[in-house]
Amino acid sequence: MTLAIDARGVGKVFGAGALAFRALDAVDFQVTPGELVMLVGPSGSGKTTLLSILGCVLTATEGELRLFGERVSGRPERELPVLRRALIGFVFQGHNLIGALSARDNVRLVLESRGTTAHAARAEADALLAAVGLADKRDRLPAELSGGQRQRVAIARALAGSPPLVLADEPTAALDAHAGLEVTELLTRMCRERGTTVVVVTHDNRIFHLADRIVHIEDGRIVDGRLSGVAA
Amino acid sequence: MTVDVAARLRAARGGRLRRAQATIVVALRMMLHDKAKLIGTTLGVVFAVVLAAQQLGVLFGLLQKNTMFVDNAGADLWIVPPGTTQTAPGQRMSTALLDQARATPGVAVAAPLLMIGTSVTKPGGGSEATTLVGFDLATGLGGPWNVVAGDVAALRAPDALFFEDAQREKFGGLNLGSVREVGGHKVRVVGFTWGLQPFGPPFSFADIDTVRDLGAVPADQLSFVLIKLAPGADRAAVAADLAARCPTATVIATPTFHATIVSTLLRQQLGITFGTSTAFGLIIGFIIVALSMFSAVLDNLREYGTLKAIGLTSWDLTRMLVVQSIVYALLGSLIGLGLVALMSAGIRGPNLIVIVPRTLVLATPIIMTVLCMLASVLALRRVRRLEPGMVFR
Ligand SMILES: Nc1ncnc2c1ncn2[C@@H]1O[C@H](COP(=O)(O)OP(=O)(O)O)[C@@H](O)[C@H]1O
Ligand SMILES: [Mg+2]
């Protein structure tokens, strides 16, 4: 079986010389297709750094990364946007929607930037917004939506174009407990329906029960929750 | 779920056109969303256009005042005293040049022109300077143009003069038939021109013999010889032939004379003054546009980072800023040129005219587009350097 995520010996050092700081140290991180993994650990432990490397927005200083069998490490910088468009949907801590665009156009932008025609993009955006329960809010600007609603638009955007991998960094951090749980439930449900592989960074223990597996990271090292049966 | 990575990568590599269109739309939406920045940046362009076009317009107006006589005298070639850089009273030459010119093959007409600086005594006392042009009535070369009252033929009378309509008040309320005094002789107004406002004292016109009498100029002197070529004659060849026959004078083609006047003025104070203020307008506009585009990018840094994270390339973002630059340039040029048109209509008086030639109108949006694109470089550098990973911070 091809792993969805196969990171081996991944390390990241920020800066150089006396200021060099090792944020990740020989991280092995494997996720099977369709699995929903939560990455937990104290603040500053390297969760965001690892997620950024998995999301091809940051390059590791050592180790090897494959996504769905496709080698990521060692690729030229200009190839990374292609990988992101092809494989990855993001949900950020803040919603990170484009303030000038309506909910629908935020979702459409992702589709059209992947080559979908305007008509098809509109239809898919509307279907996704309906699926996150915002059919009647699709023409609203982000500023006209509540925090929970914005994060639901962000989920619709992350799932636009059906990426096989969705990465979410503390998606509930800006929400109250109730909205946070609701949004995570929505994300999990939609990803399970689609068979999408998901990695959620969180330290919100109220949503832990939604995960297939919980991986603990401390001081840039994975300390618990390794996938069993993977040859090191 | 099995994932066909190869197919997804292939799809992600394609769709460039859609992506280009999508980014252009986003660029425009982002621009329109921040109204304050939109207005600020556009005003920067408007400022540059108004100041630069306005200064150039006034400059062109002043140049036109200096070249109008050459442009309207009707000559193909001029014989002028050596070193001449303007059409104004100056050093005189011998009428013998006329015979030499007339004997030159390819010359159809050689007419004398006499320009003297003199003054008109007003009825209530006091006097006003004028550039009195004496021309050859038979050929009309160098005579009045834009005649709005009277008949040029009336200048045959020995005391008859044409004046400029806009200067009627200045010369004490001139009308057809008004009598004034020039050089101790009574003269009569028999016609008016319209819009002949040179840089120096206003033109008045009379038959060349009248001007000789009024200015006490010897009969064998003239200021310029105006040449009309025979049909089919080669201007350059005739000019060379004339130059050989008239070694004490300079033979110059009309377009060259025009260019000489313009370049002489531009090299002097006029060019420096207007060049500086035009450049000043462009530089201020450049700074305003550069700063406001940069601050618009700083305001939206997270959004640009997000666009990168979802897979837009640095080139996609570059295209966005270029599109914004072009829109700012076109919008600002349109508004700016509109204002310049209004202002020049307001300024247009007898002594100052603003000329905004068609080429300047057409060049403005192009120059402004280049200016705005250069001004966006600061913003562009910031956007291109942006790490997509910043969106997780
Ligand atoms: N760009 C960077 N330059 C220097 N140090 C960084 C940078 N990004 C993160 N770090 C450091 O790496 C460590 C891990 O950060 P991060 O991955 O954001 O942790 P987490 O998401 O678990 O809170 C922290 O100590 C942080 O200060
Ligand atoms: Mg973090």
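For the range B:176-243, which strands (runs of 3 or more DSSP E) that fit wholly inside it have 3 or more residues that are not charged (D, E, K, R)?
Numbers: elements: B:179-182, B:185-193, B:203-207, B:224-229.
By residue number, B:185-193, B:203-207, B:224-229.
Provide a single number: the residues in the range A:37-52 that are away from chain B (no Cβ under 13 Å) and within 15 Å of the chain's Cα centre (by Cα).
Residues that pass the stated criteria total 3.
Does A:L129 fit the bill of being away from ligand 2 (no atom under 16 Å from the Cβ), farther than 20 Å from B:R16 by Cα and in contact with a Phe, Trp or Tyr (Cβ under 8 Å, 6 or more places away or on another chain)? Lay out the reasoning, then the answer.
On the way: away from ligand 2 (no atom under 16 Å from the Cβ): yes; farther than 20 Å from B:R16 by Cα: yes; in contact with a Phe, Trp or Tyr (Cβ under 8 Å, 6 or more places away or on another chain): no.
No, not satisfied.
Go over the candidates A:G55, A:G69 one by one and state the one that is over 27 Å from A:A173 (Cβ atoms), within 9 Å of chain B (Cβ to nearest Cβ) and touching a residue at least 24 places away in the same chain (Cβ under 8 Å). Write out each step before concluding.
Working: A:G55 fails: over 27 Å from A:A173 (Cβ atoms).
A:G69 is the lone residue from the list that is over 27 Å from A:A173 (Cβ atoms), within 9 Å of chain B (Cβ to nearest Cβ) and touching a residue at least 24 places away in the same chain (Cβ under 8 Å).
Of the numbered conditions (1) touching a residue at least 12 places away in the same chain (Cβ under 8 Å); (2) in contact with a Leu (Cβ under 8 Å, 6 or more places away or on another chain), B:I310 fails exactly one; give the number of that condition.
Here B:I310 meets the rest and fails (1).
Which count do you get for residues in the range A:1-52 that are acidic (D, E) and free of Cβ contacts under 8 Å to residues at least 40 places away in the same chain?
Going through the range A:1-52 one residue at a time, the tally reaches 0.
Quick check: anything in the range B:311-334 in a loop (DSSP other than H, G, I, E, B), at negative phi, touching a Ser or Thr at 6+ places or on another chain (Cβ under 7 Å) and within 14 Å of another protein chain (Cβ to nearest Cβ)? Spell out how you get there, then give the answer.
Narrowing the range B:311-334 to residues in a loop (DSSP other than H, G, I, E, B): B:311-313.
Among the residues that remain, those that are also at negative phi are: B:312-313.
Restricting the remaining residues to those that are touching a Ser or Thr at 6+ places or on another chain (Cβ under 7 Å) gives B:312.
Subsequent filtering for residues that are within 14 Å of another protein chain (Cβ to nearest Cβ) retains B:312.
The answer is yes; a qualifying residue exists.
List, please: which pairs have Cβ atoms under 9 Å, are six or more places apart or on different chains, and start with a residue in the range B:372-393 that is within 9 Å of chain A (Cβ to nearest Cβ) and end with one that is within 16 Å of ligand 2 (Cβ to nearest atom) and among the aromatic types (F, W, Y)?
So the pair list comes out as B:V391/A:F90; B:V391/A:F92; B:F392/A:F90; B:F392/A:F92.
Looking at the range A:142-149, can you tell me whether even one residue there is closer than 24 Å to B:V297 by Cα and within 17 Å of the chain's Cα centre (by Cα)?
no
Where in the range B:1-102 are there helices (runs of 4 or more DSSP H), lying wholly inside it, with at least 1 residues that are within 14 Å of chain A (Cβ to nearest Cβ)? Spell out how you get there, then give the answer.
Details: elements: B:5-13, B:16-33, B:35-72, B:96-102.
Qualifying helices (runs of 4 or more DSSP H): B:5-13, B:16-33, B:35-72.
Those residues that are free of Cβ contacts under 8 Å to residues at least 12 places away in the same chain, within 14 Å of chain B (Cβ to nearest Cβ) and over 20 Å from B:R10 (Cβ atoms), I need them from the range A:111-126; list them, please. Steps first, please.
Here is the first cut: in the range A:111-126, the ones free of Cβ contacts under 8 Å to residues at least 12 places away in the same chain are A:112, A:115, A:117-120, A:123.
With the extra rule that they be within 14 Å of chain B (Cβ to nearest Cβ), the set shrinks to A:112, A:115, A:117-120.
Within the range A:111-126, A:A118, A:H119 qualify.
Looking at the range A:196-220, I want the residues that are within 14 Å of chain B (Cβ to nearest Cβ) and have a partner that is away from ligand 1 (no atom under 16 Å from the Cβ) and of a type in the set (G, A, S) with Cβ atoms under 8 Å, at least 6 apart or on another chain. Which pairs are those?
A:T196/A:G34; A:T196/A:G89; A:T196/A:S162; A:T197/A:A4; A:T197/A:G34; A:V200/A:A211
Give the number of residues within the range B:335-389 that are open to solvent by 30 Å² or more (accessible area, probe 1.4 Å), within 16 Å of ligand 1 (Cβ to nearest atom) and either in a loop (DSSP other than H, G, I, E, B) or not assigned by TED's automatic domain parsing to the domain that holds B:Q55 (or both).
1
The values are calculated or read from the model by the stated rules, or taken from the named source; none is laboratory data. Since this is a predicted model, take the numbers as computed values, not measurements. Neighbour counts run over all protein chains shown; Cβ positions are idealised from the backbone, glycine included. We work out accessible area using only protein heavy atoms, side chains counted, and drop any ligands, DNA or RNA first. Shrake-Rupley method; radii C 1.70, N 1.55, O 1.52, S 1.80 Å.
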